[in-house]
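Working notes, structure below.
Read the figures in this text as sums done on the coordinates, not as results from a lab. What you see is a predicted model, and the numbers here were worked out from it, not measured in a lab. Please note: Cβ atoms are built from the backbone with ideal geometry, for glycine as well, and neighbour counts cover all protein chains shown.
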Amino acid sequence: MIPLSWYLMLAAALFAIGLFGVLARRNAVAVLLGIELMLNAVNINLLAFWHRSQQLSAEPHVTGLVFAAIVFAVAAAETAVALALIISVYRRRDTVVVDELDLLRG
Amino acid sequence: MTSLQIVFLIIAAVTLASAVMVVTARRLMHAALWLILTLLGVAAVFATLQANFFAVVQVLVYIGAIAILIIFAIMMTREVMSVTGPRLNRGWGWAAAAAAGGLAGLVAVLSTWQGFQTVLEPLPSGSVGVGALGEAFLDPNRFAVPFEVASVLLVAAMVGAIYIAVDRKVVEEQ
């Protein structure tokens with residue numbers, strides 16, 4: 001009843017908002033929040049296409065669900081490691097502003 | 001317009017508005033709370049797609065674990081989080097242009113695809129059970145290997161996160 005295009009537009013808009021957050025925010029945790037938004041947009045796309053392939057054929061399709069589950073696992077792992085890095089950087093440098101973390105600048 | 005479509009539009013509006021608040025909120029704690037509302041909206045979108053299992057997992061994993069983890073990290077670095085000064089880069093105009101350009105490009109490419117206007121019909125009950133998903137994950141000929149790799153990734157991330165975040169000065173003093 002809902003067109004596939006609505007889901008794709010919603011996911012594209014959510015992805016663009018997340019991309020803006022990743023590129024524009026100065027705080028490392030805010031950058032991480034942007035990445036979470038992008039991952040959620042991808043999951044909406046995966047499940048929308050899973051629904052489409054499910055309604056086109058009678059056999060049960062689970063490939064899209066498997067993709068979404070893997071994205072969930074990777075997102076959880078990525079958040080844990082990223083927050084550990086941010087806390088470690090905060091201890092050593094007393095800042096979480098990404099502009100000021102220029103140790104690798106040439 | 002059916003009632004389901006109206007519900008979807010409301011959910012989408014709430015999700016996108018709170019996503020905008022996530023990337024523009026001045027205080028990071030507010031951004032994290034807006035993120036929870038966004039994740040709830042995405043869970044509702046999953047429910048409209050009849051991916052019921054993933055709607056539940058979204059609430060459990062994203063809101064119950066990831067969002068709480070982020071709030072913990074914000075509280076542990078609170079003095080820095082309340083720092084004054086701009087919350088956006090100097091080049092945020094370029095970032096906005098890149099995001100808008102990416103969105104326009106995505107929509108332009110997608111709208112040329114012939115299946116773009118496909119209407120998603122309700123699936124017959126029984127075709128969307130989690131049983132089939134569980135069997136696929138444990139079948140060696142299908143997705144057992146990705147499943148195990150995901151488990152190893154989670155363990156490695158957990159061990160790595162503990163190793164990175166541990167305070168060595170405190171450990172050496174003991």
Item to check | region A:56-70 - phi-based ³J(HN,Hα) in whole Hz, Karplus 6.51/-1.76/1.60, Gly and Pro as x | outcome: 7, 9, 7, 5, x, 9, 10, 4, x, 5, 5, 4, 5, 5, 5
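Subtract the Cα-Cα distance of B:Val149 and B:Val56 from 0.36 nm times their separation in residues, and report this length gain in nm to one decimal.
Working: separation 93, 0.36 × 93 = 33.48 nm, distance 2.29 nm.
Computed gain between B:Val149 and B:Val56 is 31.2 nm.
Neighbour counts of other C-beta atoms within 10 Å: give me A:Val62, B:Val130, B:Val155 arranged from fewest to most. Before the final figure, lay out the partial values.
On the way: A:Val62 22, B:Val130 15, B:Val155 11.
Ranking A:Val62, B:Val130, B:Val155 by Cβ neighbours within 10 Å, fewest first, gives B:Val155, B:Val130, A:Val62.
How high is the relative contact order of region B:1-83, given as a whole-number percent (alpha carbon pairs under 8 Å, six or more residues apart)?
Working: 67 pairs, mean separation 22.1, N = 83.
RCO, region B:1-83: 27 percent.
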Checklist entry - Any idea what the dipole of the protein assembly as shown comes to, in debye rounded to 20, about its Cα centre with Lys/Arg Cβ at +1 and Asp/Glu Cβ at -1? => result 800
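About the Cα centre of chain A, how large is the charge dipole given +1 on each Lys and Arg Cβ and -1 on each Asp and Glu Cβ? Please answer in debye to the nearest 20. Numbers along the way, then the final one.
Numbers: 7 positive and 7 negative charges, 32 e Å.
Rounded to the nearest 20 debye, it is 160 debye.
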Checklist entry - Along region A:72-84, what does the Karplus equation 6.51 cos²θ - 1.76 cosθ + 1.60 (θ = phi - 60°) give for ³J(HN,Hα), rounded to whole Hz, x for Gly and Pro? => result 4, 5, 5, 5, 5, 4, 5, 5, 4, 5, 5, 5, 4
Item to check | Shielding by partners - mean other protein chain Cβ count within 10 Å, residues of B:16-25 | outcome: 6
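Sorted by average packing, counted as other Cβ atoms within 10 angstrom per residue and highest first, what order do B:165-171, B:36-42, A:94-100 take? Don't skip to the answer; put the middle values down first.
Details: B:165-171: 10.7, B:36-42: 23.1, A:94-100: 14.9.
Top to bottom by mean Cβ count within 10 Å: B:36-42, A:94-100, B:165-171.
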Checklist entry - Using modelled amide H (1.01 Å from N, peptide plane; none on Pro or chain starts), what sits under 5 Å from the amide H of A:Ile2, excluding residues fewer than 5 places away? => result B:Leu120
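Can you tell me, using C-alpha contacts under 8 Å and at least 6 residues apart, the relative contact order of chain A as a whole percent?
Details: 90 pairs, mean separation 27.9, N = 106.
The normalised contact order for chain A reaches 26 percent.
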Item to check | A:Val96 long-range amide H proximity, modeled H, under 5 Å | outcome: none
Item to check | Karplus-derived HN-Hα couplings along region B:132-143 (A = 6.51, B = -1.76, C = 1.60, θ = phi - 60°), whole Hz, x at Gly and Pro | outcome: 5, 5, x, 5, 5, 5, 9, 7, x, 7, 10, 10
Checklist entry - Cα centroids of region B:143-170 and region B:34-72: how far apart, whole angstrom? => result 22
